[in-house]
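The values are calculated or read from the model by the stated rules, or taken from the named source; none is laboratory data. Everything numeric in this text was worked out from a predicted model, so none of it was measured. Don't worry about glycine lacking a Cβ; one is built from the backbone with ideal geometry, like all the others, and counts go over all protein chains shown. Ligands, DNA and RNA are excluded from the accessible area calculation, which covers all protein heavy atoms including side chains. Shrake-Rupley method; radii C 1.70, N 1.55, O 1.52, S 1.80 Å.
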Amino acid sequence: MFAHDTEMTLAFVAALVNTGRQAEEQLPDTAALDAFVQEWQWTGDRARDEAELESVRALRPRLAQLWSLGEDEAVDIVNSLLREGRALPQLVRHDAFDYHIHATSPHAPLADRMAVDAAMAFVDVIREKALDRLRVCAADDCIDVLIDLSKNSSRRFCGVSCGNRMNVAAYRRRRASA
């Protein structure tokens with residue numbers, strides 16, 4: 001549906017938003033942020049301090065809004081993120097990644113790079129009229145967000161465990177009523 005780097009960024013944005021949706025903070029310290037950054041293969045300079053951690057945490061609610069807004073409101077947030085990050089899109093190739101778009105300097109603060117990359121990915125979502133692909137997990141006990149990148153727009157759960165848990169519960173309800 002989208003370019004590979006856009007899909008990766010959208011998955012990253014959902015994961016970042018989800019780190020702030022649980023009862024317990026999923027980015028409690030700089031070590032957790034380091035692990036998250038490594039898992040999602042972020043490159044560029046890092047401060048590795050509390051200020052960087054706080055700026056990444058502060059970004060989450062702004063990005064989370066994109067799951068509940070209409071197109072015009074989403075455009076306002078995306079444009080704000082691009083302006084604040086002084087986005088200047090460029091094609092780059094590094095590490096194991098072929099050409100893809102970076103819109104900030106690798107020396108920009110981590111949260112700024114994350115915000116601009118997220119905004120660039122959401123430019124594609126909005127242009128493709130695909131905001132309906134932003135969803136909250138359909139599991140009764142989960143509030144995580146997801147981006148449905150399936151061909152037939154059928155993804156309902158944030159992950160396999162939620163899907164399996166709900167399928168087992170439905171099976172048990174059917175068996176109990178039979």
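Output the residue which, of all residues in segment 9-26 that are hydrophobic (A, V, I, L, M, F, W, C) and modelled with pLDDT of 95 or more, is nearest to Ile126 (Cα to Cα).
Only one residue tops the list, namely Leu10.
In segment 9-49, which residues are among the aliphatic types (A, V, I, L, M) and crowded, with 17+ Cβ neighbours inside 10 Å?
Residues satisfying the conditions are Leu10, Val13, Ala14, Ala15, Leu16, Val17, Leu27, Leu33, Val37.
Among the strands (runs of 3 or more DSSP E) confined wholly to segment 27-145, which include 1 or more residues that are under 20 Å from Leu10 (Cβ atoms), in contact with a Lys or Arg (Cβ under 9 Å, 6 or more places away or on another chain) and at pLDDT below 95?
By residue number, 97-102.
Is there any pair linking a residue in segment 75-92 that is without any contact (Cβ under 8 Å) to a residue 12 or more places away in the chain and charged (D, E, K, R) to one that is surrounded by 14 or more Cβ atoms within 10 Å (Cβ to Cβ) and not in a helix (DSSP H, G or I), with Cβ under 6 Å and at least six apart or on different chains, and which?
none
Kindly evaluate Leu63 against the criterion of being more than 18 Å from Lys129 (Cα to Cα), open to solvent by less than 40 Å² (accessible area, probe 1.4 Å), out of contact with any strand residue (DSSP E or B) (no Cβ under 7 Å at 6 or more places or on another chain) and not β-branched (Val, Ile, Thr).
Spelling it out, it is not the case that Leu63 is more than 18 Å from Lys129 (Cα to Cα), open to solvent by less than 40 Å² (accessible area, probe 1.4 Å), out of contact with any strand residue (DSSP E or B) (no Cβ under 7 Å at 6 or more places or on another chain) and not β-branched (Val, Ile, Thr).
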